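Below is one structure, written out as structure tokens; the observations come after it.
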Amino acid sequence: MSLPVFVYSPDEIRARIISETLKAEGIASAIFTSHFELDDALMVRRLPHVVIVDVKKNIHEEQKFLERLSLRLPEAVFFIQCDLSDRPVLENITIANKIVAFDPIAPEYIRDKVEAVLIARRRFSIKKYARIGKEAFRQTGRIFFKAIPIAITLFIGLAGGYLYWCVATLPDIETLKDYSPYETSKLYTQDNKLLTEFYVERRTFVPYDRIPKHAMEAFIAVEDARYYRHHGIDVIRIISAFWTNIRRGAIVQGGSTITQQLAKMLFLKPEKTITRKIKEVALSLKIERNFTKREILVLYLNHAYFGERAYGIEAASQVYFGKSASDISIAEAALLAALPKAPSKYSPFEDKERALERRNYVLRRMLKTDSINDLIYDETIRKKLPEKAHRRNFNAPYFVDYCRADLEARYGDRLYTSGLTIYSTLDYRMQQIAERAVQNGIDKLKKGKITDVQAGLIALDLKSGQIKAMVGGANYSDSQFNRVTQAQRQPGSVFKPIIYLTALKQGFSPNDTLEDSKTFFMWNKGGEVWAPENYKGIYHGTVTLTKALSLSLNSATLNLARKVGLKNIIKTAKDMGITSTIHPFYSSVLGASELSLLEMAYAYTVFANGNRLKPMCIERIIDREESTIMEPRGEKKQVINKKVLKNIRSMLRAVVLKGTGKRAQVLMRKVYGKTGTTNDYADAWFIGFDENTLVGVWVGRDGRLPIFEGATGASVALPIWIEFMRDIS
Amino acid sequence: MMDMELEKANGNGTAIEGQIGLDIGTANVVVAYNENKNIKNLLQLNAFFTIPYSKVTKKTLLREETMFFDKDEKHYILGTAAERFASTFDSSTRRPVESGLLNPREVESIDVIKAIINRLVKKSDKRNKKICFSVPGDPIDNPNAIVYHESIIRMYLRDLGYSPISINEGLAVVLSELSATNFTGIGISMGGGMCNVCFSYLSVPVVKYSIQKGGDYIDSMVGRSVGESPTKIKMIKETGLDLSAEPSGRIEYGFHIYYDDLFSSLVQSLRQVLGSSDNVPRLSTPVPIVLSGGTVIPRGSREKFKKALDGVSLPFKISDIIIAENPLYATAKGALVMAITEDADI
């Protein structure tokens, strides 16, 4: 059986979507969901003209298979359906005949492309038959009598057929009615400060009424002066361009109208073939029949490429002048109108002289077409060109990365193409304070010749769980690794309150006593014996639970852990939202099991208000139709009862009043928290809170070497915490 | 023992000719089949009621050709008759299917459902005759929940001599109602226990799922709010509820509130599931939504659903919202279309 199209996708539904689309147009196809099936079919079936390969999310696995397939089917056209993010990999795949489309699957586009290939293949057959016929005719020896009329008939037939094919395979311009270009999504802080933009093509759509009249006139003057007088094709201009080019002996003037340029941008490949030109003309006529001049101009201005990765007039205005398109002057509009012809050639940042010459040419055209008068012309022509591109300095980069991962998981590639307005939970003022506090903490260490130290800080709202500030490292441009969310570190003594909470849940009271003396424990399953020591080797004998926690006594804590049970401690940690593995050994009690600052900070919300909260970085998402499409509510779950909450809070308050967190008393307000230091001084922590905000700070080195001998949570992390808490109040 | 009594209760026991579509819902079991090029339907309430065994009662049941079987010193009265008995005893019927799936709280649910199916479709007269039965989509928050349910029904239909295939309920609605759009659109079957949704593109079930809320939820919530039994609320709903009219009285207000709540949950789930699917293609033409099932029978449901959908952003535009021509029978009809198509493919 001969099938012209093979469809391969590991996802049967996706393969069927494509196959059924083709079937509806009378094109038969075979579906394959594994390499094995496809290989098998190639051995027994006639080879296909088109192979549609869906490699979404599997590009790395499918790359070799694709290349092998293309060697086996050198004549076939490969239609590759993939993720936008796969584009770089795809560019490295060497396939001669490939068409690439990005997700989501666009059935009509696939159908049009496949049809075009199949029709083209049939056309070659006609040519072949014509040649055979001609040869046979020559053998009859009557060429002079019959060849000429047959040749004319054949020519007219083929030309007519060719024109018909060009028109029949035109793309459907109805899609323009729902014109929805790739548009930039923007991420803001809660208080409306732009944090970053997510885009493939940096574009912000602007409607007709927000484009200044003089900007439209500038484009019309230089690109298509008779724009309002033709119906898509400007015959007078074509003749004039033809004549000018002949006189000059080179192509100096083009004949394309704005409508033709739009047709080319939206639907056609930038190849120079007669077929494309015919299609361009036919499409332009079709567009003019279906859309008003105003609609066509708006589409053109929003779609054109202006260089500097700016698509559309709004993005271009922002990049070249740092302002919105609605605010650009005549001189600025003239420069933008100068660019689409050759964006890099006429870029003021590449070749100032050439850019100026072209801009002034636009102004002359505006003068000639009466868009401006002599006075304005004289004044405008003296205006300077912009010196450098306006690039935004984006803030809170670690937080942006965290949001990006969350948003990509929700929206995939649409994040980069759908023009979403995303309000994050970040408080811009708090973020600035956080960045300053971390920087000051690192600088203070640098002054003591302690370099290459990293720090992380997270601040969150205790009512909602919203992240208010996040600093993932000392310098984002040096290292993008996020020490709040990605680093798995030993928590040391910040883990201890979990043991005390487990005890309180079992009925212990803060005033119950414990023995703080040298005790032996099994280190791990291997049976190694271990006698943990207190800080500076001092043991306190009989102590209350409150004292043991406030002074962070290792031996007393381990004795307590033995009483409450390791399993129960691990359960408490899980109930508090810790997802990293807590190893069932006594060393975990002193914070040997690694986890992230994010996890630890969210676990501490239980100490603050009894509730386990879920990390939340997005407050609201609005689509380009201005409908709110997502407004997540904070998730909370009560984990402990009021009595236990009151007791654990009093114990964490004692840490600040009498224990290792004494320095925090400088804040002169009621705060709670716990220090943490690991054995080899590799990690220093402080996590604490007041009634509204919980803040976690970690300091350490990426290579897990000691920060310096004697570096503790109290001496290194707590000062950063204090500065932040002081400045936000 | 059980089979013999059913045989008597089922009359002559003649099998249906040709392919069969079977909709096993929480509230009803419906059969669709072709008779002289017209689609015919049979419907039985998917319910049962037990009464203590006695020889006298049994004689009466047999005399009145009531559908029942005996087990563990009890008579299991099935289908529509169960409701009559329940009302006589001032009680409620029990359901072999709950929230669209075999009821795990009813030990006898498998026997009951088998008996009802047997009553409706009978043993196959030909080997491997095609029967297509509806199955719900995976509940949004409970994936793989339908495997057991589907396997049990499939096994039983095979025992009856059929070659069974299954169809998603939402897809069945599309196959039944959307031939005009080449089977492209969203089919929603809103039954007693759940709402089944399928976005179909050229008959390919691109996205299918269910939410475990349906007519029963409305009945129970309204009942709870106004202090009436769900059975009474259901009766009021089925006898002339008009959602297009302004509500008057506590019960009508209750209906409006819980219909709004159900539709809101449904459209939010649509937004969420369609929005997060990798498979939804880019469509240039709007697609219709078709609603079916007993829950959308009250007047004004379409407008209420439309209101809930307003302002909700889906990956494609919606051309129209339509109510199935016969909401109670649409799923069975779609299943029949599938059975016929599958036979033709062979």
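Points worth noting:
- Criterion violated by residue B:191 - all others in (1) over 22 Å from residue B:83 (Cβ atoms); (2) open to solvent by 20 Å² or more (accessible area, probe 1.4 Å) satisfied: (1)
- Members of the stretch A:428-460 that are under 16 Å from residue A:692 (Cβ atoms) and open to solvent by 40 Å² or more (accessible area, probe 1.4 Å): A:429
- Being surrounded by fewer than 20 Cβ atoms within 10 Å (Cβ to Cβ) and within 14 Å of chain B (Cβ to nearest Cβ) holds for only one residue in A:594, A:619, A:625, A:635, and it is A:625.
- Among the residues of the stretch B:250-279, those identified as open to solvent by 10 Å² or more (accessible area, probe 1.4 Å) and either within 13 Å of another protein chain (Cβ to nearest Cβ) or within 24 Å of residue A:12 (Cα to Cα) (or both) are B:268, B:271, B:272, B:273, B:275, B:276, B:277, B:278, B:279.
- Which numbered condition residue A:50 misses (of (1) more than 14 Å from chain B (Cβ to nearest Cβ); (2) within 31 Å of the chain's Cα centre (by Cα); (3) modelled with pLDDT of 85 or more): (2)
- Of the strands (runs of 3 or more DSSP E) lying entirely inside the stretch A:380-494, the ones with 1 or more residues being within 21 Å of the chain's Cα centre (by Cα) are found at A:421-424, A:467-471.
- Within the stretch A:57-75, the set of residues being within 21 Å of residue B:279 (Cα to Cα) and open to solvent by less than 30 Å² (accessible area, probe 1.4 Å) comprises A:59, A:62.
- Those residues of the stretch A:427-443 which are of a type outside the set (S, T, N, Q) and closer than 16 Å to residue A:698 by Cβ, in sequence order: A:434, A:435, A:437, A:438, A:441, A:442
- Note on the stretch A:364-384: among residues that are closer than 13 Å to residue A:333 by Cβ and polar (S, T, N, Q), the one that is most open to solvent (accessible area, probe 1.4 Å) is A:371.
- For residue A:253, the stated conditions do not hold, so it cannot be described as under 33 Å from the mean Cα position of the chain (by Cα) and either at pLDDT 80 or above or farther than 30 Å from residue A:113 by Cβ (or both).
- Residues of the stretch A:33-75 classified as within 19 Å of residue A:101 (Cα to Cα) and among the hydrophobic types (A, V, I, L, M, F, W, C), total: 9
- Residue check, residue B:322 assigned to a strand (DSSP E or B) and surrounded by 15 or more Cβ atoms within 10 Å (Cβ to Cβ): yes
- Per-region count, the stretch B:175-231, residues within 14 Å of chain A (Cβ to nearest Cβ), of a type outside the set (A, V, I, L, M) and assigned to a loop (DSSP other than H, G, I, E, B): 4
- Within the stretch A:575-634, strands (runs of 3 or more DSSP E) holding 3 or more residues that are of a type in the set (A, V, I, L, M): A:618-622
- Some residue of the stretch A:115-138 being modelled with pLDDT of 75 or more, within 14 Å of chain B (Cβ to nearest Cβ), out of contact with any Ser or Thr (no Cβ under 8 Å at 6 or more places or on another chain) and part of a helix (DSSP H, G or I): no
- Filter result (open to solvent by less than 40 Å² (accessible area, probe 1.4 Å) and either polar (S, T, N, Q) or farther than 15 Å from residue B:279 by Cα (or both)) within the stretch A:9-33: A:9, A:19, A:21, A:22, A:27, A:29, A:30, A:32
- For the stretch B:234-246, the criterion of being away from chain A (no Cβ under 14 Å) and surrounded by 24 or more Cβ atoms within 10 Å (Cβ to Cβ) is satisfied by no residue at all.
- Residues (modelled with pLDDT under 90, of a type in the set (Gly, Ala, Ser) and more than 17 Å from residue A:77 (Cβ to Cβ)) located in the stretch A:1-47: A:24, A:26, A:34, A:41
- Which listed residue, of A:534, A:511, A:559, A:568, is open to solvent by 80 Å² or more (accessible area, probe 1.4 Å) and either within 25 Å of residue A:693 (Cα to Cα) or not β-branched (Val, Ile, Thr) (or both): A:511
- Within the stretch A:11-26, the set of residues being β-branched (Val, Ile, Thr) and either free of Cβ contacts under 8 Å to residues at least 40 places away in the same chain or away from chain B (no Cβ under 13 Å) (or both) comprises A:13 only.
- Search result, residues across the stretch A:579-591 that are open to solvent by less than 20 Å² (accessible area, probe 1.4 Å) and without any contact (Cβ under 8 Å) to a residue 60 or more places away in the chain: A:582
- Complete set of residues in the stretch B:280-292 that are surrounded by 18 or more Cβ atoms within 10 Å (Cβ to Cβ), farther than 23 Å from residue A:409 by Cα and of a type in the set (Val, Ile, Thr): B:287, B:289, B:290
- Flag for residue B:59 being open to solvent by 10 Å² or more (accessible area, probe 1.4 Å), touching a strand residue (DSSP E or B) at 6+ places or on another chain (Cβ under 6 Å) and either modelled with pLDDT of 90 or more or of a type outside the set (Gly, Ala, Ser) (or both): no
- Tally of residues being under 23 Å from residue A:688 (Cα atoms) and aromatic (Phe, Trp, Tyr) across the stretch A:461-507: 2
- Some residue of the stretch B:207-224 being among the aromatic types (Phe, Trp, Tyr) and open to solvent by 50 Å² or more (accessible area, probe 1.4 Å): yes
- Every test in (1) within 14 Å of another protein chain (Cβ to nearest Cβ); (2) outside any helix (DSSP H, G or I); (3) closer than 13 Å to residue A:53 by Cβ is passed by residue A:104 save one, and that test is (3).
- The number of residues in the stretch A:226-238 being open to solvent by less than 40 Å² (accessible area, probe 1.4 Å) and in a loop (DSSP other than H, G, I, E, B) comes to 4.
- Filtering the stretch A:194-224 to residues that are part of a loop (DSSP other than H, G, I, E, B) and surrounded by 17 or more Cβ atoms within 10 Å (Cβ to Cβ) leaves A:199, A:200, A:201, A:203, A:204, A:205, A:206, A:211, A:212, A:224.
- Candidate set: the stretch B:288-344, residues that are in contact with a strand residue (DSSP E or B) (Cβ under 7 Å, 6 or more places away or on another chain) and acidic (Asp, Glu); chosen: the one nearest to the other protein chains (Cβ to nearest Cβ): B:342
The values are calculated or read from the model by the stated rules, or taken from the named source; none is laboratory data. Model, not experiment: these values are computed from the prediction. We place every Cβ from the backbone using ideal geometry, glycine too, and count neighbours over all the protein chains shown. Ligands, DNA and RNA are excluded from the accessible area calculation, which covers all protein heavy atoms including side chains. Shrake-Rupley method; radii C 1.70, N 1.55, O 1.52, S 1.80 Å.
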